[in-house]
There are 4 protein chains.
Amino acid sequence: MLIVMKRGYMEEELQAVIREIEKVGYRPHLSRGVETTLVGAIGRGPTPELMEHFRALPGVAEVIPISKPWKLASLEVQPFPTVLEFPTGKTGGGHVMVAAGPCGVESRDQTLKAARYVKAHGAHMLRGGAFKPRTSPYAFQGLGVEGLKILAEAKRETGLPIVTEVLSPEQVELVAEHADVLQIGARNAQNFALLQAAGESGKPVLLKRGMSMTLEEFLMSAEYVLSRGNMRVILVERGIRTFEKATRFTLDVAAVPVLKSWTHLPVWIDPSHPAGKRDWVIPLALAGLAAGADGLIVETHPEPEKALSDAAQQLHEEEFAELMDKARRLVAALDKTLAAPVLG
Amino acid sequence: MLIVMKRGYMEEELQAVIREIEKVGYRPHLSRGVETTLVGAIGRGPTPELMEHFRALPGVAEVIPISKPWKLASLEVQPFPTVLEFPTGKTGGGHVMVAAGPCGVESRDQTLKAARYVKAHGAHMLRGGAFKPRTSPYAFQGLGVEGLKILAEAKRETGLPIVTEVLSPEQVELVAEHADVLQIGARNAQNFALLQAAGESGKPVLLKRGMSMTLEEFLMSAEYVLSRGNMRVILVERGIRTFEKATRFTLDVAAVPVLKSWTHLPVWIDPSHPAGKRDWVIPLALAGLAAGADGLIVETHPEPEKALSDAAQQLHEEEFAELMDKARRLVAALDKTLAAPVLG
Amino acid sequence: MLIVMKRGYMEEELQAVIREIEKVGYRPHLSRGVETTLVGAIGRGPTPELMEHFRALPGVAEVIPISKPWKLASLEVQPFPTVLEFPTGKTGGGHVMVAAGPCGVESRDQTLKAARYVKAHGAHMLRGGAFKPRTSPYAFQGLGVEGLKILAEAKRETGLPIVTEVLSPEQVELVAEHADVLQIGARNAQNFALLQAAGESGKPVLLKRGMSMTLEEFLMSAEYVLSRGNMRVILVERGIRTFEKATRFTLDVAAVPVLKSWTHLPVWIDPSHPAGKRDWVIPLALAGLAAGADGLIVETHPEPEKALSDAAQQLHEEEFAELMDKARRLVAALDKTLAAPVLG
Amino acid sequence: MLIVMKRGYMEEELQAVIREIEKVGYRPHLSRGVETTLVGAIGRGPTPELMEHFRALPGVAEVIPISKPWKLASLEVQPFPTVLEFPTGKTGGGHVMVAAGPCGVESRDQTLKAARYVKAHGAHMLRGGAFKPRTSPYAFQGLGVEGLKILAEAKRETGLPIVTEVLSPEQVELVAEHADVLQIGARNAQNFALLQAAGESGKPVLLKRGMSMTLEEFLMSAEYVLSRGNMRVILVERGIRTFEKATRFTLDVAAVPVLKSWTHLPVWIDPSHPAGKRDWVIPLALAGLAAGADGLIVETHPEPEKALSDAAQQLHEEEFAELMDKARRLVAALDKTLAAPVLG
C-alpha cells in the first residue's frame, strides 16, 4: 500500500504515519519528493480496513492498494493523461511534440546549424549528446562539459529547450544545470541509482526503454523516478532486440497503445535507432504517430556522412523537413495537434 | 544465374538452353510457370561473358545474375511495384485494400453477417478460415469443405472475393476451386511443398511471414511461389516472436519499408494476431498503413465473445467501422488511395 | 477430457462411448491408433462426476482430465520414461544413443564412407538427408529417391538403422519404405498435415523443435503424432532464434530438463545446427548430455569442406571420434549408459 | 592501435608517446591502470610503418592493431588462459571454482548458516547480495552496509572470500572494503561509469552478461574494466531474454565455447537465474561445466521457501551437496580440476 501525503503536510504528521506503519508490522519506505511525499508500507496485501485506518490519519491525502507492480505510473492513480508543458509546446493529451538534433554534439558549428534548421522546420526541442555511452571504451565518448556549453548556447540563440543524456548519478547535477530534460538511455534503463538521482533532480526525465525490457519493467523503471516525487517522465520506445537483423532494432510500435492503456505518462517514439538506416526513419516515425505517440525524438545532422556516431541513421535537413510535413498531415488526420513551436 | 525465357518461346529453344547449361558445367533448374518459364543455372558465380553468351541464345528474354538470395521478387528484376487487381479494387502502387472477416467460418449465419457488414463498411475481400491450423490436435479444426461452401455463398451474395487458408499440398486444388486468394499461414511459411503447390495453382497467394523468419527468408519463401511462374504474391507481416508478452506477437512494422526497398510485391499488415487483444488492433492497423502498407487483413466477428478461436482479438462491427474510417483519413493524408469496393 | 479405450475393446463399446459424449453435449474426437484408441470429449472442463460416469462405461480403460494442453505426451498419462528400442541400442530411461552422418546424401561413396566410420566410432544410427528443405528454391534440394536408395545400401552394409527427413504428407509412404525413423524438421514442426501423416505411418518419428516454438507448443506438435496412435516420438532440441548471432541458433539446453519434467518421451540434442561452426559442436553435445539428454543427432562428413550444405558445421572423422570418446566418459560419470551399438 | 607501456616506464616517456600520437593526427586515450598503462591512439586504421614507429619509442612494451572491437580481452593480446588465484582455489586454465550462497543477505543467522554448509560441501567463495537491484522500487532492496558487515563476519569465520554486487560508482569504495570480488549485475552490464569505477578499484570483477547483450558487446564491457588496468575479470553467462517462458531466462550455454575461442578470461555459468526454478538448476550447472566453464555461481539458502527474493530458484542444502558431487565427477571425467577449497 502506498500512502500519499497531502501537500503542506507537517513533519510530525509524517512521523506519526511512519510509526503507525511499523506498529502494524509493515516496513516503511519513505520517498520525499519535490512535488509529492510518499510512504510505501511494504508487507503482505493490506485489508480494506487497514487502508481505511491510514486514510484517516492527519496529513494523509490518499492510500493506494499496490495491485500492480507499478503504482504512481498507473491509470488507477491518475485516470487522465499527463500533459507536460515546455516554453515551445506541449506533449500528452492530444498534443504532439518533436525533439530533434544530432546524435552527438561534435562542434559548435554543427550543433548551431542543426538547432537553427530543426527550429525552422517546426521542432520543439533540441537533442544532442554531450556525454555518449559507447559500447567500446575506445570509441568517441562525446565532448563532455564543452558539449553542454554548446547546447546551452544553441538554446540561448533559438529558444529551444535542450534534452541530453546523463550517464551516472554524479553527473546529474552538472547536466541538470544546462539541460531542460534529462535523457536516460536504453543501456541505463535499469540503472536504479541513476533513475533515483534523476528523480531527485526535479527535472523532466526522458526515459528510453531498455533493449530487452518488458513493458512492465519499463513502467517500474519509470516508477523509480516517480517515487522520488518527480512526476514528469516521458517514456520512449526505441526498438528492442530480436532475431531480425535487417533493421538495427525492432521497433515495438505496439508499445504505444499498450503503455497508453496502462499509464497516464506521455509515450514517444525514437524512429532513428530501430531503423539504423536513414531510408526507414520516416516510415517508422509515421507509424509511431499513427499508433498514438505523443512525440518523436529524431536524429538529424547537417552532414550525416561526417558524423562521429550513428552516421547511417541521421536524417539530412531535407529529409527532416519531409518528416515534419508528413507528420503534421498525419497528426491532423487523427484529430490531434502538432503545433508549431511557440518561440519568442 | 537465372535465364528467363521469352513468352512464346519454342520447346526446342528451351531444350537447347538446358543442354548449353550442362555443357558449361552448371546444373539446370527448370521452372515452367503459367506466366514465365525460368531456367536456373546453378554453379559458381558466372562471368559477364558467360551471361552474355546465354543472353544471345534464341528464345532467351533475359539473364539475371543471382547476386541476392531471392531473384524474381527483387526490384532488380522488376523496378516498379506490382499492382494486383481484383473485381473490387487494387493493391500495390499507391492502392490500399482491406480484407476482413472472422478468424474461422463457424456457421452460415455468422459468415454471411460478417460478409455483409465488412462490405458495407468498405472492405474489398472476405477472409475466413475453413481449415484452421491449430497448435493442439484437440482444438476446433474448422468446418472444412462445409466452410468453403459457406464462403462461396457469401461471395455470391456480396460480390467480395474470398481469401482462405490452405494447409497442405493436396488441399490446394480443393481450396482453389472456391477461393480467389490462397492464404499460407505463418506456421507453413517454410512448408516448401505447399509453397510450390500454391505456386502451380495459378491463384494469387497471400503469404504470411513465419513468426521467427527473417525478412530475407520471407522473400525466399515467396520465391518458391514465384519460381513456379506465379507472380501474384502478397506478403503479410503478422508479428514475430520476441520476449515481450504484453502483446501476442511483436508487430515488426519496419518490415513494410524494408520489404518495399527490396521487392516489388505488395506488402500488407495483419494487425489482429500481433495485438492479440481487440483494443490494440486499430492502432496497429494505422501504424502499418502509415509505414506504407498496401493493405490490411483484419479479423472481425458479429459476436466476438462467442468465437471458437481468437475471441479476444476479433473486432466488433462498430470497431471495424471505426478502423475503416480512420484508415481512409490516414491513407488520404499520405496521398494514397483506399477506394470503396467496386461492387456490381 | 480424454477417454482411453482398453486394448481389445469392442467396436460397439466405442460407438456407445461416442454416442454418450454427444448426449452430454460434448464434441467427440476419435483417434484410432496402432497401439491405442482415444476419444477426446471436447467442451467446457468436465466435472469429476462426469468423468466418473465415463470411466464406468464398458471398454473404457481410463479418463484423463485435459488440464494441460498436451495429453498423451504428459507424465500424468505415463509416469515413467518411454524407452525406444532399435536393433543397435536403446534411448530413454538412462540409455543414450547417437545418430550421426552427413547433412545431405551427396553420393554413394560419401554416404558409405560416413556410415562405416560412424559405426566404427560407436554411433547407433545413420542420419542423412535425401530430401533437403532449403530456404532458397535455387539451392541443392537433395538427391531424392536416389538418396533413399543409397541410405538403404548403407544400412544393408553396416546394420545401422536410418533416420532421414520427410517433407510432405505424400512423401511419407515412400520415405517410410526405406527409413527406420522419419525425421520432421524444424521448418515443418507445425506442419500439422505432415505430423498426422507421420503419426499414421507407424514409424518412429524424430521431431525437431521449431526455431521459435515454445516448449509447450513443441509437445502439442508431438501430440499430433501421438494422437494418431503412434507413441514412438523422439523430441530434438536444435536451437532457437535469438538476437545472438555468434552462433547460428541458440541451443536452449534447458529444454532437456524442462521437457523431462513434463513428458515421458526421449529428448535428444542436435548440437550441429545451433553451433553452425565445427569448433563448437563438441562442447554443445557434451552440454546436452550433461543436462540429461537421451541422445544426440550429429552431422559428420568424410570431407566437410566439400559438402553441398552445412559445410562449416559438419565434423571431420577425428572430431567425431573425439566427441564419442568424451561423450562416453561423461555419460559414465553421470551413471547412464552409452553402449556400443549391437551389430550382427 | 593500442600502445602498452612497459612496467616501470617513466612519466616523461609516456608524455612523449602522447605528444607523438597527437603529432601524427590521432586522438590519445590514456588509461592508467594498477597493473598496466595503455594509450589508445584513435583514428583511421594505422599502417604497419606507423605501428613500428611507435613500437620503437622508449617505454613502449607493445603496439596492438585494433582489428577486433575488444582488445585487451582478446587471445591476440594474450594467447593463454588467465588463471585467477584466490586463497581457496583457482579458476581458469583447467581449474574450476564454485561460488555459492544466498541471493540476498537477509540476516546474520541465514548468512552464516549458508557460509558454513557451502564451505563444507566444497565451495570456494561465498556469494550474497547486500545491495539488491530490484525491478520495483517498492521491493526489498537489501540490508546495505549491515549486509556487508555480515558477509565480512562470514568470511572471518569460514575463510571463504566474498563476492557481492555493487550498484553504482560511488558504492565501489565501500563495497571494495568488505568484498574480495566485485559483482556487476546483468542490468548494469553497460553501465559504463560503474565498469570504469570497478576497473579502478583494483579488485577482481565478476561481470554478468546483460540479458540482451551480444557476446561481442559483453567483451567490450569487460574491456571497460581491463582498459583501467585491471585484468582480473570473470565473465558470467546467466541467461538471455528470448520468447521461451518455461524458464526465467534462456541459458546460452554456447557462450562458454564461443567466449573461450575469443578471450583468455575465465568464463563462468550462473545456472540459478536462467532456471528460475530449483529443479532445473543442477542440469544447467552440469551443462555449463560440460561446455567448458571455469566456474559456477549458484544460489542456495538454508530455507529457500522463506527467502525474500528468488525463493523459487535457490537450492536447499542437500541439493547443493548433490550438485557439488555431480560437478566433481563430471569435471574429473573431462580431465579438469574441481579441487576442495584450501582453508586454514
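The values are calculated or read from the model by the stated rules, or taken from the named source; none is laboratory data. This is a predicted model, so every value here is computed, not measured. FYI the Cβ positions are ideal-geometry reconstructions off the backbone, even for glycines, and counts take in every protein chain you see. Note: accessible area is taken over every heavy atom of the protein model, side chains too, but ligands, DNA and RNA are not part of it. Shrake-Rupley method; radii C 1.70, N 1.55, O 1.52, S 1.80 Å.
The listed residues are B:Glu20, B:Glu35, B:Glu11, and the only one of them that is on the phi < 0 side of the Ramachandran plot and over 32 Å from the mean Cα position of the chain (by Cα) turns out to be B:Glu20. Scanning the stretch B:188-207 for residues that are at the interface with another protein chain (Cβ under 7 Å from one of its Cβ atoms), without any contact (Cβ under 8 Å) to a residue 40 or more places away in the chain and open to solvent by less than 10 Å² (accessible area, probe 1.4 Å) yields a single hit, B:Asn191.
Of the listed requirements (1) more than 20 Å from C:Val39 (Cβ to Cβ); (2) assigned to a loop (DSSP other than H, G, I, E, B); (3) more than 13 Å from chain B (Cβ to nearest Cβ), C:Met231 misses just one: (1). Selection of the stretch D:248-263 for residues being out of contact with any strand residue (DSSP E or B) (no Cβ under 8 Å at 6 or more places or on another chain) and either outside any helix (DSSP H, G or I) or among the small types (Gly, Ala, Ser) (or both) yields D:Arg248, D:Ser261. Annotation note: Cβ proximity below 8 Å between a residue of the stretch B:220-234 that is under 12 Å from B:Pro204 (Cα atoms) and open to solvent by less than 10 Å² (accessible area, probe 1.4 Å) and a residue that is at pLDDT below 90 and among the polar types (S, T, N, Q) (sequence gap 6+ or interchain) occurs for B:Gly229/B:Ser31; B:Gly229/B:Thr36; B:Gly229/B:Thr37.
Here B:Thr214 meets each of (1) out of contact with any Lys or Arg (no Cβ under 8 Å at 6 or more places or on another chain); (2) farther than 23 Å from B:Val98 by Cα; (3) modelled with pLDDT of 95 or more with one exception, condition (1).
Name the residue that is nearest to the other protein chains (Cβ to nearest Cβ), counting only residues in the stretch A:146-157 that are within 22 Å of the chain's Cα centre (by Cα) and farther than 24 Å from D:Arg27 by Cα. Going through the qualifying residues, I end up with A:Ala152. When we screen D:Ile18, D:Ile3 for residues that are modelled with pLDDT of 85 or more and in contact with a helix residue (DSSP H, G or I) (Cβ under 8 Å, 6 or more places away or on another chain), the only hit is D:Ile3.
Of the set (1) under 21 Å from D:Glu319 (Cα atoms); (2) within 14 Å of chain A (Cβ to nearest Cβ); (3) hydrophobic (A, V, I, L, M, F, W, C), all apply to D:Leu143 but (1). Scanning the stretch D:45-82 for residues that are more than 22 Å from D:Tyr224 (Cβ to Cβ) and of a type in the set (A, V, I, L, M, F, W, C) yields a count of 7.
When D:Pro28 is tested against the conditions (1) within 14 Å of chain A (Cβ to nearest Cβ); (2) open to solvent by 50 Å² or more (accessible area, probe 1.4 Å), the lone failure is (2).
If the condition is being hydrophobic (A, V, I, L, M, F, W, C) and not in a loop (DSSP other than H, G, I, E, B), then the stretch A:152-187 contributes A:Ala152, A:Ala154, A:Ile162, A:Val163, A:Val172, A:Leu174, A:Val175, A:Ala176, A:Val181, A:Leu182, A:Ile184, A:Ala186. Taking the numbered list (1) over 21 Å from C:Gln183 (Cα atoms); (2) without any contact (Cβ under 8 Å) to a residue 60 or more places away in the chain; (3) in a loop (DSSP other than H, G, I, E, B) in turn, C:Pro302 passes all entries but (2). All conditions in (1) farther than 30 Å from A:Glu153 by Cβ; (2) surrounded by 24 or more Cβ atoms within 10 Å (Cβ to Cβ); (3) of a type in the set (Gly, Ala, Ser); (4) in contact with a strand residue (DSSP E or B) (Cβ under 8 Å, 6 or more places away or on another chain) hold for A:Gly210, with the sole exception of (4). The test for being of a type in the set (Gly, Ala, Ser), out of contact with any strand residue (DSSP E or B) (no Cβ under 6 Å at 6 or more places or on another chain), surrounded by fewer than 21 Cβ atoms within 10 Å (Cβ to Cβ) and farther than 22 Å from D:Gly129 by Cα does not hold for D:Ala321. For the stretch C:78-121, a residue qualifies if it is assigned to a loop (DSSP other than H, G, I, E, B) and open to solvent by less than 10 Å² (accessible area, probe 1.4 Å), and the qualifying residues are C:Thr88, C:Val96, C:Pro102, C:Cys103, C:Val105.
Yes/no matrix, rows are residues, columns are (1) open to solvent by less than 10 Å² (accessible area, probe 1.4 Å); (2) facing chain C (nearest Cβ under 9 Å); (3) of a type in the set (Gly, Ala, Ser):
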residue	(1), (2), (3)
D:Ser261	no, yes, yes
D:Pro274	yes, yes, no
D:Asp279	no, yes, no
D:Asp294	yes, no, no
D:Val298	yes, no, no
D:Glu305	no, no, no
D:Asp310	no, no, no
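Residue check: A:Trp268 meets all listed conditions (1) facing chain B (nearest Cβ under 9 Å); (2) closer than 18 Å to A:Ser212 by Cα but one, namely (1). Criterion first (closer than 29 Å to A:Val253 by Cα, modelled with pLDDT under 95 and at the interface with another protein chain (Cβ under 10 Å from one of its Cβ atoms)) does B:Glu223 satisfy it? Considered against the rule, which asks whether it is closer than 29 Å to A:Val253 by Cα, modelled with pLDDT under 95 and at the interface with another protein chain (Cβ under 10 Å from one of its Cβ atoms), B:Glu223 comes out as yes. Any residue at all in the stretch D:122-132 that is open to solvent by 20 Å² or more (accessible area, probe 1.4 Å), within 30 Å of D:Leu334 (Cβ to Cβ) and either of a type in the set (A, V, I, L, M) or touching a helix residue (DSSP H, G or I) at 6+ places or on another chain (Cβ under 8 Å) (or both)? No, that holds for no residue.
Per the conditions (1) touching a strand residue (DSSP E or B) at 6+ places or on another chain (Cβ under 9 Å); (2) crowded, with 19+ Cβ neighbours inside 10 Å, the sole criterion not satisfied by A:Pro283 is (1). If C:Ile184 passes every condition in (1) open to solvent by 10 Å² or more (accessible area, probe 1.4 Å); (2) at pLDDT 95 or above but one, which one does it miss? Checking C:Ile184 against (1) open to solvent by 10 Å² or more (accessible area, probe 1.4 Å); (2) at pLDDT 95 or above, the one that fails is (1). Taking the numbered list (1) open to solvent by less than 20 Å² (accessible area, probe 1.4 Å); (2) within 30 Å of C:Ala197 (Cα to Cα); (3) of a type outside the set (Val, Ile, Thr); (4) modelled with pLDDT of 95 or more in turn, B:Lys149 passes all entries but (1).
Taking (1) of a type in the set (A, V, I, L, M); (2) touching a residue at least 24 places away in the same chain (Cβ under 8 Å); (3) surrounded by fewer than 22 Cβ atoms within 10 Å (Cβ to Cβ) in turn, B:Ala246 satisfies each apart from (2).
None of D:Ala115, D:Ala120, D:Ala130, D:Ala152 is over 26 Å from D:Phe218 (Cβ atoms) and touching an Asp or Glu at 6+ places or on another chain (Cβ under 8 Å) except D:Ala115.
Of all residues in the stretch C:61-77, one or more are of a type in the set (A, V, I, L, M), part of a loop (DSSP other than H, G, I, E, B) and in contact with a helix residue (DSSP H, G or I) (Cβ under 8 Å, 6 or more places away or on another chain).
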